[in-house]
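Take this structure, written in structure tokens, and hold onto it; I'll ask about it next.
Only the coordinates and a few stated rules stand behind these numbers; no lab work does. Since this is a predicted model, take the numbers as computed values, not measurements. Cβ: placed from backbone, ideal geometry, glycine included. Neighbour counts: every protein chain shown.
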Amino acid sequence: MSRIGKRPVAVPDGVTASVDGQTVTAKGPKGELNFVVNEEVIVKMDDDGIKVDPRDQSKDARSKWGMSRTQIENIMTGVSEGFSKSLEINGVGYRAAMQGKNLQLSLGFSHEVIYEVPEGITVATPKPTEITVTGIDKQKVGQVAAEIRKYRGPEPYKGKGVKYADETIFRKEGKKK
């Protein structure tokens with residue numbers, strides 16, 4: 001039994017939400033997002049928000065119940081506040097800079113890494129060693145941050161590389177004589 005699926009999704013102030021069949025659409029100050037809910041789940045609009053229920057008590061319907069409610073909550077948060085991920089760059093000579101709409105990364109390779117930022121995502125570099133990825137779609141923000149981190153992930157000995165700001169790197173001790 002999903003405990004998170006039982007709660008209705010509240011519609012924040014300034015956001016208009018509508019349910020059309022299996023499609024939930026939210027429009028807010030940051031933009032517009034929609035989510036098509038799986039057929040195993042029933043979606044209804046109530047006075048206290050959007051209610052999500054499983055179609056029956058099968059394992060498949062119950063497993064998609066909480067996920068559907070969380071996805072709907074994410075689009076409500078996205079169109080009202082947006083999502084953000086911060087990355088840090090550690091290493092001598094490692095830095096990032098915006099070059100037009102592209103992100104230019106110096107990560108110790110023989111060449112500069114150019115990352116093309118997709119539509120709907122904003123990337124900023126407040127410092128040469130910090131990258132901030134923002135947008136209204138939580139999945140896209142996380143995907144872009146993961147792609148940037150993948151160019152040079154943090155290594156365990158010196159901690160050099162690109163890491164999430166809230167990530168802790170398990171450090172290893174080097175060789176001993």
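Would you list which lysines come within 17 Å of Lys59, measuring only between C-alpha atoms, while excluding same-chain residues fewer than 8 positions from it?
Lys59 reaches Lys6.
What ranking do 125-132, 50-57, 24-31 get when scored by the average of other Cβ atoms within 10 Å per residue, highest first? Could the numbers behind the result be given before it?
Numbers: 125-132: 15.4, 50-57: 17.0, 24-31: 18.5.
Top of the packing list down: 24-31, 50-57, 125-132.
Can you check what the net charge comes to around Pro156, using other residues whose Cβ is under 12 Å from the Cβ of Pro156 (Lys, Arg +1; Asp, Glu -1)?
With Lys, Arg at +1 and Asp, Glu at -1, the net is +3.
Based on DSSP H runs of at least 4 residues, each adding -39500 (n - 2.57), what is the mean residue ellipticity at 222 nm of the chain after dividing by all its residues, to the nearest 500 deg cm²/dmol?
Calculated at 222 nm, the ellipticity per residue is -6500 deg cm²/dmol.
So, one more: Simple spin-label model, 7 Å along Cα-to-Cβ: Glu155 to Thr129 in nm?
About 1.7 nm, to one decimal.
How charged is the neighbourhood of Met67? Take every other residue with its Cβ under 12 Å from the Cβ of Met67, and add Lys/Arg as +1 and Asp/Glu as -1.
Combined, the nearby Lys, Arg, Asp and Glu give 0.
Of Thr77, Thr134, Gln104, which is farthest along the charge dipole of the chain in the positive direction, counting Lys and Arg as +1 and Asp and Glu as -1 at C-beta?
Positive-end residue among those listed: Gln104.
Summing +1 for each Lys or Arg and -1 for each Asp or Glu, what net charge is found among the other residues whose Cβ lies under 12 Å from the Cβ of Gly142?
+2
Would you mind checking the pairs Lys127/Lys176; Lys127/Lys158; Lys85/Lys176; Lys51/Lys163 and listing those with alpha carbons more than 28 angstrom apart?
Exceeds cut-off: Lys127/Lys176; Lys85/Lys176; Lys51/Lys163.
Mean-square fluctuation check for the chain, GNM, Cα pairs under 10 Å: which of Val113, Val133, Val141 is largest?
Judging by the Gaussian network model, the answer is Val113.
Can you give me the angle between helix 138-150 and the longest principal axis of the chain, using Cα atoms only, in degrees from 0 to 90, rounded to the nearest 10?
Helix 138-150 sits roughly 20 degrees off the main axis of the chain.
Under the 0.36 nm per residue contour assumption, what length would be gained going from the current alpha-carbon distance of Glu173 and Thr23 to full extension?
48.8 nm
Same structure again: Kindly provide the chymotrypsin sites (Phe, Trp or Tyr not before Pro) of the range 111-177 that DSSP labels as loop, not H, G, I, E or B, and whose Cβ sees at most 12 other Cβ atoms within 10 Å.
Those that pass, being in a loop and sparsely packed, are Tyr157, Phe170.
Using only Cα atoms, what is the ratio of the radius of gyration of the chain to 2.2 N^0.38 Å?
On the way: Rg = 20.6 Å, N = 177, 2.2 N^0.38 = 15.7 Å.
Dividing the Cα Rg of the chain by 2.2 N^0.38 Å gives 1.31.
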